[in-house]
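Peer 1: Handing you this structure, nothing more for now.
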């Protein structure tokens, strides 16, 4: 028992140092700022019977200094311009919707934020491509992989940009959606 206590203490210290270690994606870019996203409002339930793009109703992208004591200036303003949305299945299926790349410029002032409303993250055209097209009644109404009448996908959103000073910035987050078909009147 006396020998086990120092070994357990050593393991606890090792685990603590690994968990506090710094492989954070916030520091993976060369910019003096990092970005965060807060999604205030979105509807995770998507009826593909309603032909409209999937949007995030309200979200805020905020800029923060990597060094809390740093003085930020206009050179740290960020222009985000390329959005890459990569769906993946969250329900056991293997076939996901295609990746979607769109150029949409967003300006985020250094130390400030950009407030976005009704921001497109998934085009309604993808409702008519597998796997979502399987949910339409004329195509059987079920996902052939899971046998369910809905398909759950996580959308991995990666937004690429640069600061006014030319430094790269990346913001990435994942948002879950449940796609289903319900007839509209």
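Peer 1: Of all residues in segment 152-173, count the ones that are out of contact with any strand residue (DSSP E or B) (no Cβ under 9 Å at 6 or more places or on another chain) and surrounded by 19 or more Cβ atoms within 10 Å (Cβ to Cβ).
Peer 2: Here is the first cut: in segment 152-173, the residues out of contact with any strand residue (DSSP E or B) (no Cβ under 9 Å at 6 or more places or on another chain) are 165-166.
Applying the additional criterion that residues be surrounded by 19 or more Cβ atoms within 10 Å (Cβ to Cβ) yields none.
Of the residues in that region, 0 qualify.
Peer 1: Does residue 98 satisfy the condition of being in contact with a strand residue (DSSP E or B) (Cβ under 9 Å, 6 or more places away or on another chain), modelled with pLDDT of 95 or more, surrounded by fewer than 14 Cβ atoms within 10 Å (Cβ to Cβ) and closer than 22 Å to residue 30 by Cβ?
Peer 2: Spelling it out, it is not the case that residue 98 is in contact with a strand residue (DSSP E or B) (Cβ under 9 Å, 6 or more places away or on another chain), modelled with pLDDT of 95 or more, surrounded by fewer than 14 Cβ atoms within 10 Å (Cβ to Cβ) and closer than 22 Å to residue 30 by Cβ.
Peer 1: Spot the failing condition for residue 104; the list is (1) modelled with pLDDT of 95 or more; (2) surrounded by fewer than 14 Cβ atoms within 10 Å (Cβ to Cβ), and only one is missed.
Peer 2: Condition (1) is where residue 104 drops out.
Peer 1: Now for a separate question. Would you mind stating whether residue 103 is assigned to a loop (DSSP other than H, G, I, E, B) and within 23 Å of residue 30 (Cβ to Cβ)?
Peer 2: Considered against the rule, which asks whether it is assigned to a loop (DSSP other than H, G, I, E, B) and within 23 Å of residue 30 (Cβ to Cβ), residue 103 comes out as no.
Peer 1: Can you tell me which residue among 117, 113 is touching a residue at least 24 places away in the same chain (Cβ under 8 Å) and within 19 Å of residue 44 (Cα to Cα)?
Peer 2: Answer to the check: 117.
Peer 1: Can you pull out the strands (runs of 3 or more DSSP E) entirely within segment 10-93 that have at least 3 residues that are touching a helix residue (DSSP H, G or I) at 6+ places or on another chain (Cβ under 8 Å), surrounded by 14 or more Cβ atoms within 10 Å (Cβ to Cβ) and modelled with pLDDT of 90 or more?
Peer 2: The strands (runs of 3 or more DSSP E) meeting that bar are 54-65.
Peer 1: Write out, first by first residue and then by second, each pair whose Cβ atoms fall under 7 Å of each other, whose residues are 6+ apart or on separate chains, and whose first residue, in segment 63-83, is touching a residue at least 40 places away in the same chain (Cβ under 8 Å) and at negative phi while the second is exposed (fewer than 13 other Cβ atoms within 10 Å of the Cβ) and not in a strand (DSSP E or B).
Peer 2: 66/27
Peer 1: Looking at segment 128-151, can you tell me whether even one residue there is surrounded by 14 or more Cβ atoms within 10 Å (Cβ to Cβ), in contact with a strand residue (DSSP E or B) (Cβ under 7 Å, 6 or more places away or on another chain) and either closer than 28 Å to residue 60 by Cβ or modelled with pLDDT under 95 (or both)?
Peer 2: No, there is no match, as no residue in segment 128-151 is surrounded by 14 or more Cβ atoms within 10 Å (Cβ to Cβ), in contact with a strand residue (DSSP E or B) (Cβ under 7 Å, 6 or more places away or on another chain) and either closer than 28 Å to residue 60 by Cβ or modelled with pLDDT under 95 (or both).
The values are calculated or read from the model by the stated rules, or taken from the named source; none is laboratory data. Note that the structure is a prediction, hence the values are computed from the model and not measured. No Cβ is skipped: glycine too gets one built from the backbone with ideal geometry, and neighbour counts run over all protein chains shown.
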